[in-house]
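The values are calculated or read from the model by the stated rules, or taken from the named source; none is laboratory data. Keep in mind that this is a model prediction, so the values were computed, not measured. All Cβ positions, glycine included, derive from the backbone under ideal geometry; neighbour counts span all protein chains shown. Note: areas computed on protein heavy atoms with side chains; ligands, DNA, RNA excluded. Shrake-Rupley method; radii C 1.70, N 1.55, O 1.52, S 1.80 Å.
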Amino acid sequence: MEDSWHQLQPKTGFLVRLADRLTDQSWQTLTQLYQPIIGPSATGLFSALFWLPQRETYKRHAILLAELGLDLAHLYAARLRLEAVGLLTTRVKTEGDLSSFIYELHAPLTPQNFFKDDLLSVQLLGVVGEELYQALVTANTPHLAAGDHEQNITKNFLDVFHVDGDELREIPSVITAQRDQLAQTSSAPNLAADKMQFDFKLLGELLERSFVDTRAVSKYRQLLLTEHATYGLDEPTMARYIGEATDLATNIFNPDQFKRIVAQAFGNQHRGTAVAATTEPAPTATTKGASSAEQALIKVATTTAPVAFLQGIKQNTGGFVTDGEQRIVRDLVSRQLFPEAVLNLMIYHVLVDEDKPTLNKNLLDTIANDWSKAKVNTPQLAIQKIRDRQQAATKPRRSRRQQPTVKETLPDWAKKPSGSAQPAKAKLSAEQQKQLQQRIARLEERSKGKED
């Protein structure tokens, strides 16, 4: 996927496959739950791919561009968002000099599974806010309450069907073989990878000192990793937030309340250690190797979570982190295209090198596409890309300064007025002046006679 941007052209072919069956509930979930995260362009792309006539035959991307009214850059960005949330799997096929794409559409998760997914639910909460999030949970979660005088008499499977106990103890090899194959060939993308370094043993020791049931919290491991990756929560801070999200009376951990506590802590407060390296001047294009300022910047970028890194820059410049910037950072983290250190240097480049007051999503997407194509996966490569971008930006200005000044000269006909354009004034003789005065006098006498 990272190498496919330069291969995407209006004439590039593609076909569509359906990995799952979509129902009416799927389309409702796509609109209500996924669209706030991925945006209307990505939702429209999913719909266009699904309803495309003869979708399993090759067509050109120009059809999608015309139908959606998008250019290639926005179409590619919409495709990335579908891939990030698990609605699309993209494969590229190369034969000789020709490349084509295979797009596999996946059905949206059921609402229950959507709200159980840490990445999706945290992202949705950050976009729509707590009030609308709770309303969406209520609207998409069925609540079937038994009425008065009702008794459940439903039979279970073993009440109706006879199953040999030996067959259950030793599952037939045909079934187990098919299960293994399904697990290996599952087309559903994995939204998150356990790459974060987090000391769960230390967290467990901290929780054991309080009233929190560590066994109940252990099943939310992925949620804790997600919050750690996005916000850089350390073990003591994580333990404190878990304690605040645990009911004192029932000793039950509430994951939704935990998400809200973390979001509010970083949305309403602008705390965090200032990033000292961000006050250093931007690295110049002529520097060979990593300077001391660059080394300090790389160290901070490697050891700081993206939101905390952003907060540090804003504190040094006297600004504050907006809700929109939090969503942009969450989106960058959820894409999992770059390590956190590279994302931090991307943020640094926009706010410090480019001197932007806030993070601009379009600019970040442009830089992300460029870095993804160049396979920037280390902070050292990110520094080099920043240098290259700065060097490219200075070249046009230098070339204009080196251009010789052209002095334009006026032609002779423009310098001296021609005789027809500006006639010379002739000087009257004494006799001519006398005759002119006499003529004026006669005219005055005639005008007086007419008046009388």
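Descriptive notes on the structure:
- Hey, Y34 closer than 20 Å to V122 by Cα and among the aromatic types (F, W, Y) or not: yes
- Only one of the numbered conditions (1) at pLDDT 60 or above; (2) open to solvent by less than 70 Å² (accessible area, probe 1.4 Å); (3) closer than 29 Å to I298 by Cβ is not met by Y220, and that is (3).
- Within the stretch 311-346, being among the hydrophobic types (A, V, I, L, M, F, W, C), at pLDDT below 85 and in a helix (DSSP H, G or I) holds for I328, V329, L332, V333.
- Residue check, I102 touching a helix residue (DSSP H, G or I) at 6+ places or on another chain (Cβ under 9 Å), surrounded by fewer than 18 Cβ atoms within 10 Å (Cβ to Cβ) and either without any contact (Cβ under 8 Å) to a residue 60 or more places away in the chain or over 30 Å from F258 (Cβ atoms) (or both): no
- Residue match in the stretch 256-277 (condition: farther than 30 Å from L381 by Cβ, more than 23 Å from the chain's Cα centre (by Cα), surrounded by 19 or more Cβ atoms within 10 Å (Cβ to Cβ) and modelled with pLDDT of 75 or more): yes
- Note on the stretch 47-63: residues that are free of Cβ contacts under 8 Å to residues at least 40 places away in the same chain and of a type outside the set (V, I, T) amount to 6.
- G44 fulfils the conditions (1) free of Cβ contacts under 8 Å to residues at least 24 places away in the same chain; (2) touching a helix residue (DSSP H, G or I) at 6+ places or on another chain (Cβ under 6 Å); (3) open to solvent by 10 Å² or more (accessible area, probe 1.4 Å) except for a single criterion, (1).
- In the stretch 198-214, the qualifying residues are those that are part of a loop (DSSP other than H, G, I, E, B) and closer than 17 Å to G232 by Cα, and the one that is most open to solvent (accessible area, probe 1.4 Å) is D199.
- Odd one out for L65 among (1) assigned to a helix (DSSP H, G or I); (2) closer than 20 Å to L136 by Cα: (2)
- Matching residues, the stretch 295-346, being open to solvent by 20 Å² or more (accessible area, probe 1.4 Å) and aromatic (F, W, Y): F320, F338
- Some residue of the stretch 221-240 being of a type in the set (D, E) and touching a residue at least 40 places away in the same chain (Cβ under 8 Å): yes
- For T29, the stated conditions hold: it is open to solvent by less than 20 Å² (accessible area, probe 1.4 Å), over 30 Å from K375 (Cβ atoms) and of a type in the set (S, T, N, Q).
- Condition check for R91: surrounded by fewer than 19 Cβ atoms within 10 Å (Cβ to Cβ) and closer than 23 Å to D370 by Cα: yes
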